[in-house]
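Shown next, in structure tokens, is the structure this report addresses.
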Ligand code: FES
Ligand code: FES
């Protein structure tokens, strides 16, 4: 049977061991939390045409086209949603084709023609697609709208060019502009406000006017 003083020693020993373990695990966690050393940014000159104007920028080569537009050219119409290619808020037109600008580096677009929502039209001279979105209430908060409009403009060009989608019944004939086609082609543009029906109406109206 241990004496009271032996019991006291055991308790002290346990506390010493517990404190040592805690200190060790804190040190180990601290060591793990150290960020990896970051190399100096590599700068590169990039030149592209944005909304009809040539811009020359010196950018960190890791800068996305989205950040170049928003942070360096202050064209904040193009929105950053997920920054992972999943929501379509950052859609712009590059050489006439829609892309997620968060998924492409600025330097990959050297010499390209970029059109953002600001380049489609302004308050006094709305692009027909912008006007149709207003007319049909194709937005609520408006955060997804610049991307939706850029995508919608490209969709009409894709249909006119006879490019089929996943739901096209005939892959070689003229493309029919059905609601199913529009919804499929616009499916990369997420609207958290759920303005989808009105967006489809806006696109259908512009398509009808184009003939
Ligand atoms: Fe680019 Fe969401 S911000 S797809
Ligand atoms: Fe609000 Fe589309 S209008 S997310």
Among helices (runs of 4 or more DSSP H) completely within the range 106-211, the ones holding 1 or more residues that are modelled with pLDDT of 95 or more and either within 12 Å of ligand 2 (Cβ to nearest atom) or under 26 Å from residue 53 (Cβ atoms) (or both) are 117-120, 128-135, 145-160, 196-210
In the set 66, 75, 59, the lone residue that is in a helix (DSSP H, G or I) and either away from ligand 1 (no atom under 13 Å from the Cβ) or touching a residue at least 24 places away in the same chain (Cβ under 8 Å) (or both) is 66
So, first residue touching a residue at least 12 places away in the same chain (Cβ under 8 Å) and on the phi > 0 side of the Ramachandran plot in the range 130-154, second residue within 11 Å of ligand 2 (Cβ to nearest atom) and assigned to a helix (DSSP H, G or I), Cβ within less than 6 Å, six or more apart or across chains; the pairs are 137/198
Per the filter on the range 88-99, residues within 16 Å of ligand 2 (Cβ to nearest atom) and in contact with a strand residue (DSSP E or B) (Cβ under 8 Å, 6 or more places away or on another chain) are 88, 90, 91
Just one listed residue, out of 146, 128, 174, is over 25 Å from residue 84 (Cα atoms) and in contact with a helix residue (DSSP H, G or I) (Cβ under 7 Å, 6 or more places away or on another chain), and it is 128
Requested in this report: Could you tell me whether residue 102 is assigned to a helix (DSSP H, G or I), in contact (Cβ under 8 Å) with a residue 24 or more places away in the chain and either within 16 Å of ligand 1 (Cβ to nearest atom) or in contact with a helix residue (DSSP H, G or I) (Cβ under 6 Å, 6 or more places away or on another chain) (or both)?
Outcome: yes
Within the range 115-138, residues closer than 21 Å to residue 66 by Cα and surrounded by fewer than 16 Cβ atoms within 10 Å (Cβ to Cβ) come out as 121, 122
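How many residues, within the range 85-98, are without any contact (Cβ under 8 Å) to a residue 24 or more places away in the chain and either within 6 Å of ligand 1 (Cβ to nearest atom) or in a strand (DSSP E or B) (or both)? I'd like the intermediate steps shown before the answer.
Filtering the range 85-98 for residues without any contact (Cβ under 8 Å) to a residue 24 or more places away in the chain gives 85, 95.
This time we only want the ones that are either within 6 Å of ligand 1 (Cβ to nearest atom) or in a strand (DSSP E or B) (or both), so: 85.
Looking only at that region, the number is 1.
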Picking from 141, 150, the residue that is buried (at least 18 other Cβ atoms within 10 Å of the Cβ) and within 16 Å of ligand 1 (Cβ to nearest atom) would be 150
Qualifying residue in the range 33-46 (condition: surrounded by 15 or more Cβ atoms within 10 Å (Cβ to Cβ) and either at positive phi or within 16 Å of ligand 1 (Cβ to nearest atom) (or both)):
no
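The values are calculated or read from the model by the stated rules, or taken from the named source; none is laboratory data. All of these numbers come straight from a predicted model, not from anything done at the bench. With ideal geometry, Cβ positions are generated from the backbone for all residues, glycine too; neighbour counts draw on all protein chains shown.
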